[in-house]
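Written below as C-alpha cells is the structure these notes are about.
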Amino acid sequence: SAKRAGRGGFHFYAPWMAEQAAANRALESDLRSALKDGQLSLAYQPIVDSADHHVIAREALLRWTHPVRGDVPPDLFVPVIEDAGLIGQVGNWVLREACREAAAWSDGARVAVNVSSAQLAAGPLLVGHVMHALGQSGLSAERLELEVTESIFLADDSTTRATLEQLCAIGVRLVLDDFGMGYSNYACLGHGHFSKLKIDRSFTAAAALPGRKAERAIVESILTLARGLELDVTAEGIETAEQARVMAALGCGQLQGFLFGRPTIPDDLGQADRRHRGPRTNPRAA
Ligand code: C2E
Ligand code: MG
Ligand code: MG
Ligand code: MG
C-alpha cells in the first residue's frame with residue numbers, strides 16, 4: 001500500500017508489488033475476522049541466565065492460527081496489522097494480556113513485549129496503554145521489558161524520543177532488539193534509556209562456528225560496548241549447546257533460543273477467555 005511504500009522508502013513500482021498488495025488485502029480482511037474470532041494468542045519463550053540457566057524473563061510472541069492456512073508467522077502479519085491501522089488495538093491487547101499472564105508467574109520472571117515503530121510513533125497512546133496494562137494487572141513496572149528495533153531511530157523524530165523517555169520514567173525496561181542487524185546506530189544507546197540489547201541470532205549462530213573470526217569479533221565488540229554502557233545482553237537464537245557455551249564464555253549474561261525452550265502457548269484452563277476478543281472500541285481510537 002502507499003503507506004507501506006512511504007515508510008519503506010520505495011519510490012518505484014514493479015509488477016510484483018500489485019500481487020503483494022492483493023495478497024496483503026486478503027490477509028488484512030482475514031485479520032479482521034481473526035480479531036473478531038479470537039484467533040490471535042501469545043506464546044512465551046524463556047530467556048535464561050547464561051551461568052545457571054534460570055529463567056530471567058519470557059518473551060511474548062504473537063501467534064495467529066488461520067482457519068485455513070494454519071500458523072501465519074508474525075513477520076508476515078504484523079506489517080499488515082500496522083498498515084490496516086490496527087496496531088494500536090492489537091498492541092494494547094498484547095500488553096494487557098502479557099502483563100496479566102506475567103503477574104501470575106510464581107518465579108517472578110520479567111515479561112518482554114515487542115513494540116513496533118508504528119506503536120512508538122503513536123507516543124502518548126502507547127504510554128497510556130502501558131500504564132493501563134500495569135495498573136490493571138498489578139505487575140510492577142520493572143518486570144516489563146519493551147523490545148524495540150533500531151528502525152525506530154531511522155526517522156529520528158522527537159515523538160519517538162520523548163516516548164522512550166516517558167516509558168523510561170515509568171520504570172519499564174527498554175530493550176534494543178536484533179542488535180547488529182540494521183544501522184548499528186550506537187548513538188541511540190547513548191541516550192541512556194535502554195537496559196538491555198539483544199544480539200541478533202545471525203551473529204549468535206556464526207560466532208559459534210570455528211573459523212568465523214569476524215562474527216566473533218563483532219560479538220566481542222558488542223559485549224564490550226554493553227559493559228561500558230552497563231547494559232544487559234541477551235544472545236538470541238541459541239539452538240545448540242556449543243552456541244550457549246561460546247556466548248557464555250564471551251561474557252554474554254542471558255541466552256534465548258530453541259535450546260532452552262520454544263515459544264509456547266500456555267494451555268492452562270481459561271485460555272479460551274484470554275484470546276483476543278475483537279474490537280471493543282474503534283480501532284483507530286484504541
Ligand atoms: P523478535 O522479537 O526478534 O523475536 C524472536 C524471533 O526468533 C521469534 O520469531 C522466535 O520464535 C524466533 N526464535 C527464538 N529462538 C529461536 C532459535 O533458537 N532459532 C530460530 N531460528 N528462531 C528463534 P517469531 O515468533 O516468528 O517472531 C518474529 C518477529 O515478529 C519478532 O522478532 C518480532 O519482531 C515480531 N513480533 C512478534 N510478536 C510481536 C508482537 O506482539 N508485537 C510486535 N509489534 N511484533 C511482534
Ligand atoms: Mg523481540
Ligand atoms: Mg529479536
Ligand atoms: Mg526479529
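The figures follow:
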| item | result |
| --- | --- |
| Around A205: net Lys/Arg minus Asp/Glu count, Cβ-Cβ under 11 Å | -3 |
| Euclidean distance between Cα centres, region 111-157 to region 189-261, Å | 23 Å |
| Gained length - E142 relative to K213, 0.36 nm times residue gap less alpha-carbon distance | 21.9 nm |
| Residues of region 36-58 with amide N under 20 Å of a point placed 7 Å along Cα→Cβ from F260 | 43-58 |
| Amide proton proximity set for R58, modelled H, under 5 Å, gap of 5+ | I47, R110, V111, A112 |
| Sites V68 and S202, calculated FRET efficiency, Cβ-Cβ separation with R0 41 Å, nearest 0.05 | 0.80 |
| On Cα atoms only, tilt of 15-37 relative to the major axis of the chain in degrees | 80 degrees |
| Exposure proxy ranking, count of Cβ atoms within 10 Å, fewest first, for E19, E239 | E19, E239 |
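Bear in mind that the values in this text are calculations on the coordinates, not laboratory data. Quick caveat, the model's predicted, so the values are computed rather than measured. Backbone-built Cβ (ideal geometry, glycine too); neighbour counts: all protein chains shown.
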